[in-house]
Structure formats: structure tokens, C-alpha cells
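The values are calculated or read from the model by the stated rules, or taken from the named source; none is laboratory data. Nothing here was measured: the structure is a model prediction, and the numbers come from that model. Please note: Cβ atoms are built from the backbone with ideal geometry, for glycine as well, and neighbour counts cover all protein chains shown.
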Amino acid sequence: MAGKIYEYIIVLKKRSFVFINRVSLLMIVIAALILTAQVVLHGYEKTLIYITIILLMLAWTAFTMLKIKKGRPALYRISLLLGAWGIFIQPYMSWLAFVYVLAAVLEKQVKFPEEIAFDNDEVIINSFPKKRYTWEAFQNIVLKDGLLTLDYKNNTLFQKQIESSVEKDLEDAFNLFCQERLNK
């Protein structure tokens with residue numbers, strides 16, 4: 001959330017990306033199979049390029065999986081982009097490359113840490129897609145015991161755990177800030 005200074009930014013607990021990672025891996029395997037089929041069945045002059053792309057995809061995927069094992073955030077988008085390139089240059093199903101580019105672009109957005117920013121004018125939920133709310137949209141906002149609660153006036157309740165624990169003084173200051181904005 002660059003470009004504007006916010007009074008408070010709360011990072012919500014990380015979601016599980018197992019499904020997204022599995023879909024990315026499946027797409028990488030499909031791209032590798034398509035390129036391997038080109039090499040085996042057709043033996044075009046681009047064989048060296050196809051093999052290089054397959055090896056680079058596999059190397060980046062292995063590197064990404066090591067990052068995941070170490071508990072660090074990881075993205076498969078480089079492998080997906082390599083797969084898109086390989087699929088685009090082969091003579092069949094070139095349109096499928098656009099699906100891979102779209103998946104590579106969306107992967108980073110989907111895996112971005114979910115944050116909620118609070119300033120004097122609005123509350124912004126930095127998810128995909130980004131949501132902006134004025135303070136008038138809320139009945140109450142409370143941070144207590146690591147749980148953020150947004151109570152909307154339309155009877156919708158949003159509750160999520162935050163990423164890390166917050167000191168009692170900071171929690172009280174945040175709650176006071178929210179109550180002042182809500183009571184305006």
C-alpha cells in the first residue's frame with residue numbers, strides 16, 4: 001500500500017496456498033509434457049530451445065519447492081512464464097500461452113499478504129481485488145487478543161487473526177483510534 005501514509009496497517013494471518021501451488025505445479029507439468037511431445041514426436045529445429053526451457057522450468061520449480069520447505073514465501077511464476085514462452089513458440093495451441101501468462105501475473109497478487117490499512121478517511125483491505133470503505137460503512141472495529149473484527153452496518157461481520165501478537169498499549173491505541181473515527 002505505497003503512496004499514502006496510514007495510521008495503522010494490520011497484516012492478517014497467512015492463508016494456505018496449497019491449492020494454488022498444486023494448480024501451478026500441474027500447469028508446469030502440462031507445459032513440460034507439451035514441450036517434450038514436440039521434441040519426441042516432431043523433432044523440429046527448435047529442439048534445443050524446448051529442452052532448455054524444460055530444464056529451466058524444472059530447475060526453477062525445484063528451487064521454489066526448496067524455498068517452501070524452508071518456510072519462505074515462494075512463487076512459481078518464473079516457471080509459468082517459461083512454460084508460456086515454450087508453448088507460444090511451438091506450432092500447436094499457442095493460445096494456451098496467454099493462460100500461463102495470466103496465471104503467472106495473478107499468482108503474485110493472490111499470494112500477497114492480506115493487509116488492512118486504516119487512516120483518517122478510509123479503511124482499505126489490500127486483497128485481490130482491493131476494497132475501499134469509508135468509516136461510515138462500519139458499525140464497530142475492534143482488535144482484541146490477536147483477532148481483528150470489522151462489523152459492517154449491513155450486518156456483515158469480518159473476523160480474522162492477525163499475523164503477530166500486539167502489545168496491549170498498541171491494541172488500546174488502535175481501538176481508541178477506530179472509536180474516534182466511528183463516532184465522528
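A few remarks follow.
- Checked across the stretch 41-64, the condition of being in a helix (DSSP H, G or I), within 24 Å of the chain's Cα centre (by Cα) and closer than 30 Å to Ile125 by Cβ holds for at least one residue.
- Scanning the stretch 123-135 for residues that are free of Cβ contacts under 8 Å to residues at least 40 places away in the same chain and assigned to a strand (DSSP E or B) yields Val123, Ile125, Lys131, Arg132, Tyr133, Thr134.
- Residue within the stretch 94-111 that is part of a loop (DSSP other than H, G, I, E, B) and either modelled with pLDDT under 85 or touching a Leu at 6+ places or on another chain (Cβ under 9 Å) (or both) present: no
- Selection from the stretch 65-93 of residues that are outside any helix (DSSP H, G or I), in contact with an Asp or Glu (Cβ under 8 Å, 6 or more places away or on another chain) and either over 26 Å from Lys14 (Cα atoms) or not aliphatic (A, V, I, L, M) (or both): Tyr76
- Evaluation of Asn120 against (1) in contact (Cβ under 8 Å) with a residue 60 or more places away in the chain; (2) surrounded by 15 or more Cβ atoms within 10 Å (Cβ to Cβ); (3) closer than 17 Å to Glu7 by Cα (one fails), failing number: (2)
- Listing of strands (runs of 3 or more DSSP E) fully contained in the stretch 137-184 that carry 3 or more residues being exposed (fewer than 14 other Cβ atoms within 10 Å of the Cβ): 157-161
- Qualifying positions in the stretch 9-66 - of a type in the set (Val, Ile, Thr), surrounded by fewer than 16 Cβ atoms within 10 Å (Cβ to Cβ) and at pLDDT 90 or above: Val23, Val29, Ile30, Thr36, Ile51, Thr52
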